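Working notes, beginning with the structure itself.
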2 protein chains.
Amino acid sequence: MGHRIITISREFGSGGRTIGKHVAEKLGISCYDNELLEKIAEESGLAKEYIQERGEYTPKGGWLANAFSDRSLNGLSVQDYLWTVQRKLILEIAEKESCVIVGRCADYILQGRADILTVFIHASMEQRADRIVRLYGEREDSPEKRLRDKDKRRAGYYQFYTDMDWGKIQNYHIALDSGVLGIDRCVDIIASLY
Amino acid sequence: MGHRIITISREFGSGGRTIGKHVAEKLGISCYDNELLEKIAEESGLAKEYIQERGEYTPKGGWLANAFSDRSLNGLSVQDYLWTVQRKLILEIAEKESCVIVGRCADYILQGRADILTVFIHASMEQRADRIVRLYGEREDSPEKRLRDKDKRRAGYYQFYTDMDWGKIQNYHIALDSGVLGIDRCVDIIASLY
């Protein structure tokens, strides 16, 4: 297999999605972010908005609670069902083509492959707060609270499904502070490793 | 200030020292590793071997215990005394010249400067075990135990003096897996950010 897959995990507001998109453009390969969401929606039969909203929630109360309260498809909770669909799609995509995959535990799902590069993007709270206010506007909650909530949810989701720590330095081939290095420099470094 | 300082923190056996040396050579700047040890020895009046051996030990039992059991110079424990000497020298070096500094909490001591790049180098247990056996030979303890002991000591030392977590992804501008990327590629990436 000659192709390579780049997975990008990122703190909320760090610009990881933008970096992924630009890396893919630079390399002339696909970037699965929104595209993956659409595929998951299509395959699962669930609405894209619902997946986006619920996709990073950890099933509450564990397997047993879910089995009774949140039961839906094939006896799985909605989250677990989404996880199986997502996992299947990511494995299929990785077999089929070179690409960048943003989030969705792709680093874990594809781990052990020789042709994968796992990336983590982070930035300081201040820089991320600036960024989300610039991109998504002000909300009732402070940007800091929004960042903390979202990161906590991502970390919880990741840990639940992978039993590994999200953002643990040893889990990534390269980790970059996009606030200090800048988006363009991050793109150049990642693309140079392809 | 036009100069830049690169600090390299590293897991034992990850090749971080070698990377630091090569980056400095490539950029034509000094690399403080052994050189720093010699300066600390000179300034402190303690033997280099003693500093090397004890330099990464955390004072046992905290300040109070030390004050009575390990008291030595100016009422400080040897470790605390070494820390103050080390801190002073690192600040002096940073004022004076562009350089690479390996280990010794330089990232913490110099934090907040605009002209610093903080790097963390890590690699898988297997690759580090291979490396230390190749470089330092077999010992009575297994390579895995030696790695675990040394990393634990570094993490403990770092945490004791900085109150921050060693190897926490957010503390470094760039973190690289030298086992997957290779020493040369790590050198190129770091040098390109200078």
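The values are calculated or read from the model by the stated rules, or taken from the named source; none is laboratory data. Small disclaimer: the values here were computed from a predicted structure and weren't measured. Backbone-built Cβ (ideal geometry, glycine too); neighbour counts: all protein chains shown.
Does A:R104 satisfy the criteria of being on the phi < 0 side of the Ramachandran plot, in a loop (DSSP other than H, G, I, E, B) and away from every other protein chain (no Cβ under 14 Å)? When the stated conditions are applied, A:R104 does not pass them.
Being outside any helix (DSSP H, G or I), on the phi < 0 side of the Ramachandran plot and more than 12 Å from chain B (Cβ to nearest Cβ) is the filter here, so list the residues in segment A:159-193 that pass it. So that I can check it myself, show each step before the final result.
So the first thing to find is which residues in segment A:159-193 are outside any helix (DSSP H, G or I), and the list is A:163-168, A:172-177, A:182, A:193.
Narrowing further to those that are on the phi < 0 side of the Ramachandran plot: A:164-166, A:168, A:172-177, A:193.
Matches in segment A:159-193: A:M164 only.
Within segment B:134-142, the presence of a residue that is within 12 Å of chain A (Cβ to nearest Cβ), surrounded by fewer than 20 Cβ atoms within 10 Å (Cβ to Cβ) and among the polar types (S, T, N, Q) is excluded. Might you let me know whether segment A:163-174 holds any residue that is under 17 Å from B:L193 (Cβ atoms) and hydrophobic (A, V, I, L, M, F, W, C)? The answer is yes; a qualifying residue exists.
Taken over segment A:20-59, residues that are among the polar types (S, T, N, Q) and within 18 Å of A:I101 (Cα to Cα) amount to 3. For B:E95, the criteria (1) assigned to a helix (DSSP H, G or I); (2) surrounded by 15 or more Cβ atoms within 10 Å (Cβ to Cβ) hold in every case but one, which is (2). When segment A:32-73 is filtered for residues that are in a loop (DSSP other than H, G, I, E, B), of a type outside the set (G, A, S) and at pLDDT below 65, the ones remaining, listed by number, are A:K60, A:D70. Pairing each residue of segment B:180-192 that is surrounded by fewer than 21 Cβ atoms within 10 Å (Cβ to Cβ) with any residue that is not in a helix (DSSP H, G or I), provided the two are 6+ apart or on different chains, yields C-beta distances under 6 Å for B:V180/A:H173; B:I183/B:G15. Cβ-Cβ distances below 6 Å connect the following pairs, each with a first residue in segment A:124-139 that is in contact (Cβ under 8 Å) with a residue 40 or more places away in the chain, a second residue that is of a type in the set (S, T, N, Q), and a separation of six or more residues or different chains: A:R128/A:S14. A residue that is at negative phi, aliphatic (A, V, I, L, M) and within 13 Å of the chain's Cα centre (by Cα) occurs nowhere in segment A:134-142. In segment B:118-129, is there at least one residue being in contact with a Cys (Cβ under 8 Å, 6 or more places away or on another chain) and modelled with pLDDT of 80 or more? Yes, segment B:118-129 contains at least one residue that is in contact with a Cys (Cβ under 8 Å, 6 or more places away or on another chain) and modelled with pLDDT of 80 or more. Checked against (1) more than 24 Å from B:S178 (Cα to Cα); (2) in contact with an Asp or Glu (Cβ under 8 Å, 6 or more places away or on another chain); (3) buried (at least 23 other Cβ atoms within 10 Å of the Cβ), B:V102 passes all but condition (1). Only a single criterion out of (1) without any contact (Cβ under 8 Å) to a residue 60 or more places away in the chain; (2) surrounded by 15 or more Cβ atoms within 10 Å (Cβ to Cβ); (3) more than 16 Å from the chain's Cα centre (by Cα); (4) more than 14 Å from chain A (Cβ to nearest Cβ) is not satisfied by B:R146, namely (1). Residue-level check: of (1) in a loop (DSSP other than H, G, I, E, B); (2) at pLDDT 85 or above, B:K21 misses just (1). Annotation note: of B:Y158, B:Y81, B:Y194, B:Y172, the sole residue that is out of contact with any His (no Cβ under 8 Å at 6 or more places or on another chain), within 17 Å of B:D33 (Cβ to Cβ) and of a type in the set (F, W, Y) is B:Y158. Checking the structure you have, find out if any residue of segment B:98-121 is closer than 19 Å to A:I174 by Cβ, free of Cβ contacts under 8 Å to residues at least 24 places away in the same chain and in contact with a helix residue (DSSP H, G or I) (Cβ under 9 Å, 6 or more places away or on another chain). Checking segment B:98-121: not a single residue is closer than 19 Å to A:I174 by Cβ, free of Cβ contacts under 8 Å to residues at least 24 places away in the same chain and in contact with a helix residue (DSSP H, G or I) (Cβ under 9 Å, 6 or more places away or on another chain).
Annotation note: Cβ proximity below 6 Å between a residue of segment B:153-172 that is over 18 Å from B:R87 (Cα atoms) and a residue that is among the aliphatic types (A, V, I, L, M) (sequence gap 6+ or interchain) occurs for B:G167/A:I169; B:I169/A:I169; B:I169/A:A175. For B:Q127, all conditions in the list (1) within 12 Å of chain A (Cβ to nearest Cβ); (2) under 26 Å from A:S178 (Cβ atoms); (3) of a type in the set (S, T, N, Q) hold save one; what is the number of the exception? All conditions are met except number (2). B:I132 meets the conditions (1) under 19 Å from A:H173 (Cα atoms); (2) touching a Leu at 6+ places or on another chain (Cβ under 9 Å) in every case but one. The failed one is (1). Among the criteria (1) crowded, with 16+ Cβ neighbours inside 10 Å; (2) under 28 Å from A:L117 (Cα atoms); (3) among the hydroxyl-bearing types (S, T, Y), the one B:Y157 does not fulfil is (2).
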